[in-house]
Amino acid sequence: PPRIGVLALQGDVREHVRILDGLGAETVLVRRPEELARVQALVIPGGESSVMDKLSRTFGLREPIRHAIAAGLPVFGTCAGLILLADRITDGITGQQTFGGLDVTVRRNAFGSQVDSFETDLDVPAVGAEPVHAVFIRAPLVEDAGPDVETLAALADGTVVAVRSGNLMGTSFHPEMNGETRFHSLLLKMSR
Ligand code: GLN
């Protein structure tokens, strides 16, 4: 089975592990560079991007992850994970950094305090004809994307909430929270 890592510094690690196990992957919790080196693809979970940023530096994972991304490792980021893949963020906390690699600008907590979380159905042709039930929690949005970035999903008002470019994919929402497996399946395909 493909060995898929889940960055396990903070966030909803277990939900991703459950989905990956269900798809028959061998799941590796990644907290150290040696664990990262063993995986054929990586998931960066939802959680708090500024905390994961700090912990990745504490654990000596920041540079290894940046190198792995540049070397073509398939990576799927959900919510905070999307933020960490973005080349540019607005509304980051002071000094907040990302791993980068995805040529997008992402705005954190973009839906404001009045709409902390919401759910909606989205068309995502790249994963199949059935709509995706998308759960947004203090979600970021993609403000701007470079020419090589493919939009996978947008809200009715055109706001981009899922993207893919080369080996990287990110969603503003949390497919792992309601048993949506098709993005993780796509990651498994990307890892071959
Ligand atoms: N607001 C969080 C952040 O900035 C992301 C929220 C989430 O992952 N559910 O990292």
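In table form, for the structure just shown:
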| quantity | calculated |
| --- | --- |
| Listed residues 30, 94, 141: farthest to the positive end of the dipole of the chain (Cβ charges) | 30 |
| Segments 67-74, 170-177, 25-32 sorted - mean Cβ within 10 Å per residue, highest first | 170-177, 25-32, 67-74 |
| Kirkwood Rh (inverse of mean 1/r, distinct Cα pairs), the stretch 106-192, angstrom | 13.4 Å |
| Overall form of the stretch 70-144 per C-alpha gyration tensor (a/c, 1.5; a/b vs b/c) | oblate |
| Extent along principal axes [Cα atoms of the stretch 44-192; Å; largest to smallest] | 41, 40, 30 |
| Fewest-first sequence of 189, 54 by Cβ atoms within 10 Å of each Cβ | 189, 54 |
| Considering only the chain, percent of DSSP beta bridges that pair antiparallel, nearest 5 | 50 percent |
| Extended-chain gain in nm, criterion 0.36 nm per residue less alpha-carbon gap, residue 34 and residue 123 | 28.2 nm |
| Dipole magnitude (debye, nearest 20) for the chain, charges at Cβ of Lys, Arg, Asp, Glu | 760 debye |
| Ranking of 65, 137, 4, 93 by count of other Cβ atoms within 10 Å, fewest first | 93, 137, 65, 4 |
| The chain - mean residue ellipticity at 222 nm from DSSP helices (-39,500 (n - 2.57) per run, n ≥ 4, rounded to 500) | -7000 deg cm²/dmol |
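Read the figures in this text as sums done on the coordinates, not as results from a lab. Since the structure is predicted, the reported quantities are computational estimates derived from the model, not experimental observations. Methodologically, a virtual Cβ is constructed for each residue, glycine included, from the backbone with ideal geometry; neighbour enumeration extends over all protein chains shown.
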